[in-house]
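The values are calculated or read from the model by the stated rules, or taken from the named source; none is laboratory data. These numbers come from a predicted model, not from an experiment. All Cβ positions, even for glycine, are placed from backbone atoms using ideal geometry, and neighbour counts span all protein chains on display. Heads up: the accessible areas ignore ligands, DNA and RNA and are worked out on the full protein's heavy atoms, side chains in. Shrake-Rupley method; radii C 1.70, N 1.55, O 1.52, S 1.80 Å.
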Amino acid sequence: MEIKILLKKNKRKLYILLLIILVMCIFGIFIILYPSKFIGVFIFRTKFSVIFSGYVVLLFSIFGLVQHIYHLYFSDTIFGLKISDEGIVNNSILLFNGLIKWEDIRTITISKKYNTINIIIKKPENHIRSTKNILRKINMIGYYVFYKTPCVISSDILDVNPENLEKLLKNKLRDHKKAITFLRNS
């Protein structure tokens, strides 16, 4: 696989997100330890709903904490995204999707609300089913439910503008489709 473009992870963004996640983790612990301070605030009417919400906040913040510590200190690559003639290798998330081949991609969209680039693939169920790692499979199912695709690029930790990345990926996809069409016609 000839690598054409390598996009680096943005360490500054990772540290900022890590700080935010640590604050959320502390806030979740505070909610669990002192639920009486939150009863009657917002939607919290009972002690159970407050404690449950605290555990949800803590659970998601711990998952985010693990993901960002992994990206900062344990990731074996400094590159968050590799774009080649074969496809895209996405390391911008903890449980990467592996190689996403150009011929499997239907379209590429951007979600400004969530700051992600969604790679809409032709047979998402087959893509999920073919994944062997159970954690990766659960992650992909979550993405499929939330984003309507199992392949999501988080532009938060990449050192690139999301709109520019979307244009780059769409151009590469268009070039690949042109090459395939040319090969079929010749």
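Modelled with pLDDT of 85 or more, among the β-branched types (V, I, T) and open to solvent by 20 Å² or more (accessible area, probe 1.4 Å): is that true of T107 in this structure? Let's see the steps before the verdict.
On the way: modelled with pLDDT of 85 or more: yes; among the β-branched types (V, I, T): yes; open to solvent by 20 Å² or more (accessible area, probe 1.4 Å): yes.
Taking the combined requirement at face value, the residue satisfies it.
Being touching a residue at least 12 places away in the same chain (Cβ under 8 Å) and of a type in the set (F, W, Y) is the filter; apply it to segment 114-145 and report the residue that is surrounded by the fewest Cβ atoms within 10 Å (Cβ to Cβ).
That would be Y114.
Among the residues of segment 146-186, write down those that are open to solvent by 100 Å² or more (accessible area, probe 1.4 Å) and assigned to a helix (DSSP H, G or I).
Those that are open to solvent by 100 Å² or more (accessible area, probe 1.4 Å) and assigned to a helix (DSSP H, G or I): F146, K167, R174, K178, F182, L183, R184, N185.
Can we say F63 is over 20 Å from D159 (Cβ atoms), touching a Ser or Thr at 6+ places or on another chain (Cβ under 7 Å) and at pLDDT below 85? Break it down into steps so the answer makes sense when it comes.
Details: over 20 Å from D159 (Cβ atoms): yes; touching a Ser or Thr at 6+ places or on another chain (Cβ under 7 Å): no; at pLDDT below 85: yes.
The answer is no for F63.
Looking at segment 157-186, I want the residues that are under 30 Å from I21 (Cβ atoms) and small (G, A, S) and have a partner that is at pLDDT 90 or above and open to solvent by less than 30 Å² (accessible area, probe 1.4 Å) with Cβ atoms under 6 Å, at least 6 apart or on another chain. Which pairs are those?
Matching pairs, first to second residue: none at all.
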